[in-house]
Number of protein chains: 2
Amino acid sequence: MNSDTRTRILMTAMELFWEKGFGSTSIADILSRSQVHSGSLYHFFPGKQDVLVGVLELYRDGIEEWLLKPNWDGVDDPIERIFALLNGYRIQLITTDCTYGCPIGNIALEIHEPDPQVRELLAANFTNWSRAVERCLDAAEDRLPRDTDRAALAEYILTVMEGAVMQARTYRELGYFDRNIAMLREHLGLLESKARAEPVAAV
Amino acid sequence: MNSDTRTRILMTAMELFWEKGFGSTSIADILSRSQVHSGSLYHFFPGKQDVLVGVLELYRDGIEEWLLKPNWDGVDDPIERIFALLNGYRIQLITTDCTYGCPIGNIALEIHEPDPQVRELLAANFTNWSRAVERCLDAAEDRLPRDTDRAALAEYILTVMEGAVMQARTYRELGYFDRNIAMLREHLGLLESKARAEPVAAV
DNA sequence: GTCTTGATTGAATGATCAATCAAGTCATAT
DNA sequence: ATATGACTTGATTGATCATTCAATCAAGAC
């Protein structure tokens with residue numbers, strides 16, 4: 001089985017969906033950039049929607065290797081890992097003049113009536129992302145107030161990332177991203193000092 | 001001049017762009033729902049893009065009357081006004097089974113290469129929104145730490161709203177919105193208690 | 001009364017779209 | 001050798017898209 005073609009289609013579609021969105025990317029766009037003919041594409045994928053499914057599965061399965069590992073290399077402090085992850089998005093914004101955002105967030109807002117498979121894959125991508133952040137918060141458990149809902153805080157950090165990228169992209173100004181992340185950092189700082197003020201737990 | 005038709009086109013387009021997005025709304029969609037014929041639409045608007053411009057101008061000019069006034073009626077406390085505004089989005093989510101989000105955020109992420117006029121109108125909508133929040137923060141100045149960057153905090157509140165709506169829509173679960181807003185409320189609470197702990201300013 | 005201007009009608013155009021399919025290639029199994 | 005089945009080719013289809021335009025209408029100005 002030749003899955004080179006399938007992979008080339010998915011990688012190309014991934015690029016294009018990120019650049020132009022799902023709706024604005026035509027099958028013809030994918031074919032010409034990937035140097036694949038329409039029959040081959042439809043041999044591997046029943047339709048355009050299934051290409052999107054394949055791309056979302058790639059993202060879902062690649063988060064560890066392609067997102068976390070590069071950004072966390074050399075960063076040990078769990079809280080700093082969170083900001084290292086956010087810094088990855090900052091670098092994307094810089095290298096694209098604030099035009100590219102989060103590929104998942106883009107698609108999530110673009111597709112208004114997703115079929116269940118697509119919706120679940122978008123949700124799975126969000127869940128994997130915030131679970132990774134949650135693990136960082138768990139590792140920093142003793143620096144946070146005892147009643148901290150770490151899962152909710154991780155979702156919130158995803159929220160801030162998505163909103164910050166949205167604004168930086170809309171204004172075409174990195175400052176909007178930076179100020180938002182600074183606010184988040186201040187929030188986490190307040191939580192840490194609140195934790196320090198708590199009486200030590202009984203052993 | 002008969003601008004009834006123009007208005008009907010814009011109101012219909014506003015609805016449709018919100019329901020299905022800009023790209024997925026065809027001119028034919030607008031024509032059939034608004035009971036207008038193509039020639040009339042093109043009499044008032046050079047093209048589809050200009051309909052979008054008209055819609056974004058309506059949003060920009062209507063924020064006071066259609067967004068702030070309804071949500072702030074009977075709410076005097078400036079901080080509570082912020083959460084009353086956010087509650088407006090919560091109600092939209094409830095009444096649409098978590099399918100509709102922020103119309104501006106949707107378009108901002110959908111349009112990848114906006115022409116300058118569209119990009120500036122999106123930015124203007126964001127700016128008007130966060131300025132309204134900033135005015136609330138200004139009114140609550142004495143309850144916040146003295147070094148608070150209220151403009152940045154207002155941008156951050158917009159960020160949290162957009163991210164929270166995105167997640168609730170993606171998961172089709174209101175809880176994601178609620179937990180995010182609860183986190184924001186906790187953050188503002190921490191700021192208020194930090195302000196209370198500050199020494200009184202010299203007069 | 002006729003001229004002018006703004007507004008409306010709706011069929012037509014050409015581009016682009018996702019998807020199809022019959023004919024072909026090629027490696028491997030028998 | 002030949003048969004099989006995975007894969008490729010690329011022209012083609014029919015739907016849908018934004019847009020155009022000549023014709024028509026309504027109503028105030030001269």
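The values are calculated or read from the model by the stated rules, or taken from the named source; none is laboratory data. Predicted model, so just to flag it, every value in this text is computed and none were measured. Note: ideal-geometry Cβ built from the backbone for every residue, glycine included; neighbour counts use all protein chains shown. All accessible areas refer to the heavy atoms of the entire protein, side chains included, with ligands and DNA or RNA removed. Shrake-Rupley method; radii C 1.70, N 1.55, O 1.52, S 1.80 Å.
Looking only at residues of the range A:1-52 that are within 14 Å of chain B (Cβ to nearest Cβ) and away from DNA strand C (no atom under 12 Å from the Cβ), we find that the one that is nearest to A:L122 (Cα to Cα) is A:W18.
So that you can scan it fast, the table gives a plain yes or no per residue for (1) in a loop (DSSP other than H, G, I, E, B); (2) on the phi > 0 side of the Ramachandran plot; (3) within 8 Å of DNA strand D (Cβ to nearest atom):
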residue	(1), (2), (3)
B:R6	no, no, no
B:L10	no, no, no
B:E15	no, no, no
B:E19	no, no, no
B:T25	yes, no, yes
B:D29	no, no, yes
B:R33	no, no, no
B:V36	yes, no, no
B:H43	no, no, yes
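Considering B:G74, B:G105, the condition of being open to solvent by less than 70 Å² (accessible area, probe 1.4 Å) and either away from every other protein chain (no Cβ under 14 Å) or more than 13 Å from DNA strand D (Cβ to nearest atom) (or both) is satisfied by B:G105 alone.
With respect to A:G62, determine if the residue is of a type in the set (G, A, S), open to solvent by less than 70 Å² (accessible area, probe 1.4 Å) and farther than 18 Å from A:T96 by Cβ.
Yes; evaluated as a whole, the condition is true for this residue.
Within 11 Å of DNA strand D (Cβ to nearest atom) and open to solvent by 50 Å² or more (accessible area, probe 1.4 Å): does that describe B:D50? Before the answer, list the steps.
Working: within 11 Å of DNA strand D (Cβ to nearest atom): yes; open to solvent by 50 Å² or more (accessible area, probe 1.4 Å): yes.
So B:D50 fits the description; yes.
Considering A:E110, A:E134, the condition of being under 23 Å from B:P114 (Cβ atoms), among the acidic types (D, E) and in contact with a helix residue (DSSP H, G or I) (Cβ under 6 Å, 6 or more places away or on another chain) is satisfied by A:E110 alone. When the range A:176-194 is limited to residues that are more than 8 Å from every other protein chain (Cβ to nearest Cβ), touching a residue at least 40 places away in the same chain (Cβ under 8 Å) and open to solvent by 30 Å² or more (accessible area, probe 1.4 Å), the one that is farthest from A:M166 (Cα to Cα) turns out to be A:E192. Residues that are free of Cβ contacts under 8 Å to residues at least 24 places away in the same chain, part of a helix (DSSP H, G or I), open to solvent by less than 60 Å² (accessible area, probe 1.4 Å) and facing another protein chain (nearest Cβ under 7 Å) are absent from the range B:124-147. Of the set (1) assigned to a helix (DSSP H, G or I); (2) among the acidic types (D, E); (3) farther than 30 Å from B:L191 by Cα, all apply to B:E113 but (1).
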